[in-house]
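Accompanying notes for the structure given below.
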Amino acid sequence: QNNVPNTFTDPDTGIIFNSWGIAKGGSQTQGGFTFGMAIPPDGLTTDANEFIGYLQCSSKDLVNTGWCGVSLGGPMTNSLLLTAWPNKDTVYTSFRYATGYSMPDVYSGDAKLTQISSKINATHFSLTFRCQNCLQWNQGGQTGGQSTSAGFMVLGWVQAFPSPGNPTCPAQITLEQHDNGMGIWGAVLDSNAANPAYTTWAAQATKTVA
Ligand code: HEM
């Protein structure tokens, strides 16, 4: 996993991201994994509580389409977790929070995800999304967060091949322990993450998948 970001332009939306990932063929995960982040134009000087995210995750095949996630705090525990999985032609998401290494609870705070675009094929699924109230979290009084102005975040990633149970009902999914890699990495943000076009890009986030 790189720490210094790559600059990645999503071909479908033109959105420019700082991105970090593991190439296809890497030993940590089968199929590769990429996470990208774009922050508001002043995010490197003033802490932002939202970002535009990009996730590209791996599926084993069209049956074991799997799920993936990021920990917005780094570790699995005491962090806002975002879980994503494909089902038919839709990528679903669920915000979760875990206090131990078992099935995370539904997150009870006010994080909000709206989709900009998504893609699904036999080997990968991807999602470009706006994530509001995602960088400061509060689960029943347990708080945490990230400082975008620090220009550095500790994040976590995870991938799994078995598909979630109850896939069309995000609050009711069941998961097996992830089996296709996991890790924590230090994500440096550079000036390409804070583009003046952020507001225009964020306005494209109009799709809510409940
Ligand atoms: C690590 C279990 C769901 C993110 C771990 C570890 C266990 C575990 C046992 C530590 C493994 C090790 O160190 O060798 C589970 C179980 C889950 C689940 C049983 C559900 C049934 C999730 C979800 C996410 C997630 C939904 C995020 C969306 C992570 C991350 C790590 C991790 C980032 C590595 C960092 C760390 O060790 O804290 N998980 N997990 N997990 N998990 Fe999960």
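Here the peptides 28-41, 100-113 are ranked by packing, the mean other Cβ count within 10 Å, and the order with the highest first is 28-41, 100-113.
Residue-wise HN-Hα couplings along segment 193-210, as the Karplus relation 6.51 cos²θ - 1.76 cosθ + 1.60 with θ = phi - 60° gives them from phi, are 6, 10, 9, x, 6, 3, 4, 5, 5, 4, 5, 7, 7, 10, 9, 9, 10, 9 Hz; Gly and Pro carry x.
Each peptide in 199-210, 122-133, 178-189 gets a packing score, the mean of other Cβ atoms within 10 Å over its residues, and the list from highest to lowest is 122-133, 178-189, 199-210.
Available extension along the chain between ALA150 and THR206 is 17.2 nm, counting 0.36 nm per residue and deducting the alpha carbon span.
Helical content alone sets the calculated 222 nm signal of the chain at -500 deg cm²/dmol, taking -39,500 (n - 2.57) per DSSP H segment of four or more residues and averaging over every residue.
Grouping the Cα pair distances of the chain into 10 Å bins from zero gives a pair-distance distribution of 9, 38, 40, 12, 0 percent in increasing distance order.
Here segment 87-210 is described by how far its Cα atoms reach on the three principal axes: 39, 33, 27 Å, from widest to narrowest. Here the 3J(HN,Hα) profile of segment 5-22, calculated from phi with Karplus coefficients 6.51, -1.76 and 1.60 at θ = phi - 60°, is x, 7, 9, 10, 9, 5, x, 7, 10, x, 6, 9, 10, 7, 9, 9, x, 10 Hz, Gly and Pro shown as x. Within the listed set THR77, THR168, THR143, the Gaussian network model of the chain (springs between alpha-carbon atoms below 10 Å) gives the highest mean-square fluctuation for THR143.
Mean-square fluctuations from a GNM of the chain, with a 10 angstrom spring cutoff on Cα atoms, peak among SER19, SER79, SER147 at SER147.
Counted over the chain, the DSSP beta bridges are approximately 95% antiparallel.
In order along segment 64-73, the phi-based Karplus estimate (6.51 cos²θ - 1.76 cosθ + 1.60, θ = phi - 60°) of 3J(HN,Hα) comes to 8, 7, x, 8, 8, x, 10, 9, 6, x Hz; Gly and Pro are listed as x.
Throughout, read-outs are computed from the coordinates displayed, never taken from laboratory work. Worth saying up front: this structure is predicted, and the values here are computed from it rather than measured. Using ideal geometry, Cβ is built from the backbone for each residue, glycine included, and neighbour counts are taken over all protein chains shown.
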